Amino acid sequence: MRRRQPRLPELAIRLIGAGVLLVITAHWLQFALVRPLLPVFGGTVELLAPQFTLESVDLIQAQPPAVRLRANLLEPVEFAGHTVFPFGWLGTIPQGGYQVALSLTGLLQYPTLVLLIVLIWPADAKTFGVQLMLGIPMAAAVLLTEAPVTMVAELWGVVRDQADPAATCYWMVASRFLMGGGGLLIAGLLGAGAVVLAHRLRQAPQTAAFA
């Protein structure tokens, strides 16, 4: 028997209910959700940008709450034909460093969208469970990718501005793509993919039984 496709009013009601639930949950649990991931963010940034040395990655409870990363260059780097020196280099450059702050609201919006799609799509209990089991890791993957990429892009963006503000920084291009709608697109595709895969996995045993 072919499953009935959800109607628009039904999806709208689910969208409102699940959206409110996720926004409230993300707001109240944002520090608890992000704090354990700080070492992962820092380690990924060091992996993606070994030219920098991290001084700290922490949470700040200002308005808006944010993840704050402080770093410095390990050694002088060449960028767009110019040499950029680390802060405090050989006593000839003033002390200081680079600081990047990413709001928790912005960091959590894409993972929230993945879960929203998973939660609003109607399914029986077992299929819904599969949707969740697929959607939660996908949402986590979005967060664990988005945050370090944005941090690295912002670090290189400061270096670019010091060397040549008109030069192209490909990390900044990737970051602006995510911020300009690319992140929403990726999150939407992952959420939809979790739903489709869950339904196919649930239908596969039935198809085999009738083969």
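The values are calculated or read from the model by the stated rules, or taken from the named source; none is laboratory data. Since we're looking at a predicted model, the values are computed, not measured. Ligands, DNA and RNA are stripped out before the accessible areas are found, and what is left, the full protein with its side chains, is counted by its heavy atoms. Shrake-Rupley method; radii C 1.70, N 1.55, O 1.52, S 1.80 Å.
Distance between the C-alpha centers of the stretch 142-188 and the stretch 89-140? Whole Å please.
Comparing the Cα centres of the stretch 142-188 and the stretch 89-140, I get a distance of 15 Å.
Run the accessible area of the chain with a 1.4 Å probe and give the carbon-and-sulfur part as a rounded percent. It would help to have the intermediate numbers written out before the result.
On the way: 8070 of 12160 Å².
Answer for the chain: carbon and sulfur cover 66 percent of the accessible area.
Each residue of the stretch 135-146 in turn: what ³J(HN,Hα) in whole Hz from Karplus with 6.51, -1.76, 1.60 and θ = phi - 60°, glycine and Pro shown as x?
These are the phi-based 3J(HN,Hα) values: x, 4, x, 5, 4, 5, 5, 4, 5, 6, 9, 4 Hz.
Using a 1.4 angstrom probe, figure out how much accessible area the chain has per residue, in square angstrom, rounded to the nearest whole. Before the final figure, lay out the partial values.
Values: 12160 Å² over 211 residues.
Value for the chain: 58 Å² per residue.
Which of rounded, prolate or oblate describes the stretch 1-111 when judged by the alpha-carbon gyration tensor and an a/c cut-off of 1.5? Spell out each step's value before the answer.
On the way: a/c = 3.68, a/b = 2.52, b/c = 1.46.
Cα axes put the stretch 1-111 in the prolate bin.
Would you grab the residues whose amide H sits under 5 Å from the one on PHE52? Only those 5+ places off in sequence or on another chain, please, with H modelled 1.01 Å from N.
For PHE52, whose amide H was placed from the backbone, the distant partners under 5 Å are LEU74.
Could you work out the equivalent-ellipsoid semi-axes for the chain, taking the square root of 5 times each eigenvalue of the Cα gyration tensor, largest first, in whole Å?
Equivalent ellipsoid of the chain: 42, 18, 15 Å, largest first.
Read phi for every residue in the stretch 68-84 and hand back ³J(HN,Hα) as whole Hz from Karplus 6.51 cos²θ - 1.76 cosθ + 1.60, θ = phi - 60°, with x for Gly and Pro.
Residue by residue, the stretch 68-84 yields 10, 10, 10, 8, 8, 6, 6, 7, x, 10, 8, 9, 6, x, 10, 9, 10 Hz.
Considering amide H positions built from the backbone, and no H for Pro or chain starts, which residues 5 or more places from PHE87, or on another chain, come under 5 Å of its amide H?
Answer set, sorted by chain and number: LEU73.
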